[in-house]
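Worksheet: the structure to be examined is printed underneath.
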Amino acid sequence: MDFIIVDDSVFDLFTQEKLLLKSGLTTSVRTFNSAQAAIDHLRSQGADIPDTVILLDLQMPGINGFEFTEHYGMLPEAVRARIRLFMISSTVDISDIEQAEANPHIIQLLPKPLEIPLLRELLKRWFPSI
């Protein structure tokens with residue numbers, strides 16, 4: 001399974017990528033420092049996209065995490081069916097948390113820093129072969 005990390009923080013991109021690779025959950029991590037670049041990548045992949053987990057930051061300049069999900073919702077179902085989308089944030093704002101929980105595209109809002117044991121448990125629900 002592939003991972004995509006979308007975050008405007010170079011530090012967070014680097015640390016999350018290293019955590020994922022070291023965890024053994026994947027050998028393929030693509031990073032994007034803007035939501036628009038990630039959406040463009042997903043559009044270019046089409047239905048040939050492998051099973052992919054997206055870790056999406058909430059607070060980003062330009063297109064934020066919630067706006068990303070609006071663009072994501074317009075992708076063909078054949079693409080979205082191959083993707084599991086998690087939002088990742090250090091927010092404690094209750095309205096952000098409620099909005100993430102209500103969003104049909106977001107499986108769960110994960111805390112920063114990324115907790116690999118939690119992610120592994122969640123992935124077992126969505127990808128039983130892990």
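The values are calculated or read from the model by the stated rules, or taken from the named source; none is laboratory data. Nothing here was measured: the structure is a model prediction, and the numbers come from that model. For neighbour counting, all protein chains shown are included, and Cβ atoms are generated from backbone atoms with ideal geometry for every residue, glycine included. These area figures cover heavy atoms from the full protein model, side chains too; ligands, DNA and RNA do not enter into them. Shrake-Rupley method; radii C 1.70, N 1.55, O 1.52, S 1.80 Å.
Explain nothing, just the number: relative contact order of the stretch 2-122, from Cα pairs under 8 Å at least 6 residues apart, as a whole percent.
Averaging sequence separation for qualifying contacts and normalising by length gives 24 percent for the stretch 2-122.
Heavy atoms only, probe 1.4 angstrom, no DNA, RNA or ligands counted: give me 29, 79 ranked by accessible area, highest first.
Listed by decreasing accessible area, they come as 29, 79.
Using a 1.4 Å probe on the protein chains only, how many percent of the accessible area of the stretch 2-122 belongs to carbon and sulfur?
On the way: 3100 of 5940 Å².
Carbon and sulfur atoms account for 52 percent of the accessible area of the stretch 2-122.
Between beta-carbons, use under 11 Å as the cut-off and find the net charge around residue 45, counting Lys and Arg +1, Asp and Glu -1.
0
Please give the calculated 222 nm ellipticity per residue for the chain, where each DSSP H segment of at least 4 residues contributes -39500 (n - 2.57) and the sum is spread over every residue; nearest 500 deg cm²/dmol?
On the way: 6 runs with 58 residues, N = 130.
About -13000 deg cm²/dmol.
Over the Cα atoms of the chain, what radius of gyration and what Dmax do you get, in Å?
Answer for the chain, Rg first and Dmax second: 13.5, 37 Å.
Between the stretch 34-103 and the stretch 8-22, what's the alpha-carbon centroid distance in Å?
17 Å
Dipole size in debye (nearest 20) for the stretch 2-122 around its Cα centre, Lys and Arg Cβ +1, Asp and Glu Cβ -1?
Details: 9 positive and 18 negative charges, 90 e Å.
Here the stretch 2-122 has a charge dipole of around 440 debye.
Determine the order of 4, 97 by accessible area, beginning with the largest, at a probe radius of 1.4 Å.
Most to least solvent-accessible, the answer reads 97, 4.
Looking at the stretch 2-122 only, what percent of DSSP beta bridges run antiparallel? Nearest 5 please.
If we restrict to bridges inside the stretch 2-122, about 0 percent are antiparallel.
Find the percent of Cα-Cα distances in the stretch 85-130 that exceed 11 Å, and round it to a whole number.
On the way: 697 of 1035 pairs.
The answer is 67 percent, as a whole percent.
Based on C-alpha coordinates, I'd like the Rg and Dmax of the stretch 45-108, in Å.
12.1, 37
Just the accessible area per residue of the chain, please: how many Å² with a 1.4 Å probe? Each step should come with its number before you reach the end.
Details: 6700 Å² over 130 residues.
Per-residue value: 52 Å².
With a 1.4 Å probe and all protein chains kept in place, how much accessible area does residue 68 have, in Å² rounded to the nearest 10?
0 Å²
Arrange the residues 105, 41 by how much accessible surface each exposes, largest first, with a 1.4 angstrom probe.
Highest to lowest solvent-accessible surface, that is 105, 41.
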